[in-house]
Amino acid sequence: MRYLERLDARHRRQSAKFHFDRLRQVPPATGKLLALLAASAPEGTYLELGTSGGYSSLWLSLAARTAGRKLVTFEISEAKATLARETLATAGVDDVVSLVVGDALKHLPRYKKIAFCFLDLEKPLYIKCYEAVVPKMVAGGLLVADNVISHRDDVAPFLKRALRDKRVDAQIIPVGSGLLVARRV
C-alpha cells in the first residue's frame, strides 16, 4: 500500500514536470473496489481502456495475478505510456500487464470473451467503447466506468444507454468520482 501512496505522489510531480493535462488516477478507495470486482470476474480477458500513468493498472494487476490472468491496458498518449511502463516495471507487474499504445477502439475487435473491462478515458468515447465491449462480454462479466458522477453531463448518453440496456444489470456506485458497474446477464 505504501508503494501506491509513493507512486501517487510521484505521478503528481511528473504530471507537472511533463505538462500533462493531468494524470487520471483513481483514488485508493476506487482502486480497492476495482481490484475486488476484477478478482470476482469470471474466466476471460481483462481490459483497461485508458492507462494514463498506470496507477489503476496496478490495482487491476493484483486481481489479475490472484486469478492467474493477464490485463491488457490501452493508452493513446506515448508520453503517458512511457510513464506507465516505468510504473509497471518498478512494481514488478509487467509480467501480468500488457500495455498497448494506441487507440483502444481500433484494437478491441481482436478481443473475445471479455470478463472485465475498466473504462477511464476521454468521456465522449465511453459509449463507443461500451458498444464495442458489451457484445463480447462473457455471462457475468463486468464493465466498470469511472467518473460517472463527477462528469455526469459528459457521459449522459452512455449512462442512459447502460442503465436501460437489457444485456446488462447496471448500477451507479458513489465511490471516488462515481463508478458505473454493469454486469453482463
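The values are calculated or read from the model by the stated rules, or taken from the named source; none is laboratory data. Since the model is a prediction, treat every value here as computed from it, not as a measurement. So basically every Cβ, Gly included, is an ideal-geometry build from the backbone, and we count neighbours across all protein chains shown.
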ask   = Which of the residues belonging to the range 136-162 are in contact (Cβ under 8 Å) with a residue 12 or more places away in the chain and assigned to a helix (DSSP H, G or I)?
value = Lys136, Pro157, Phe158, Leu159, Arg161, Ala162
query = How do the pairs read when you match residues in the range 169-185 that are under 19 Å from Lys32 (Cβ atoms) and of a type in the set (Phe, Trp, Tyr) with residues anywhere that are outside any loop (DSSP other than H, G, I, E, B) and modelled with pLDDT of 95 or more, using Cβ under 9 Å and keeping only pairs 6 or more apart or on different chains?
reply = none
message = Where the second residue is surrounded by fewer than 17 Cβ atoms within 10 Å (Cβ to Cβ) and of a type in the set (Asp, Glu) and the first is at negative phi and lies in the range 100-127, which pairs have Cβ atoms under 8 Å and are six or more apart or on separate chains?
response = Val101/Glu78; Ala115/Glu43; Lys123/Asp154; Pro124/Asp154
request  = State whether one or more residues within the range 104-113 are at pLDDT 95 or above, aromatic (Phe, Trp, Tyr) and in a loop (DSSP other than H, G, I, E, B).
outcome  = yes
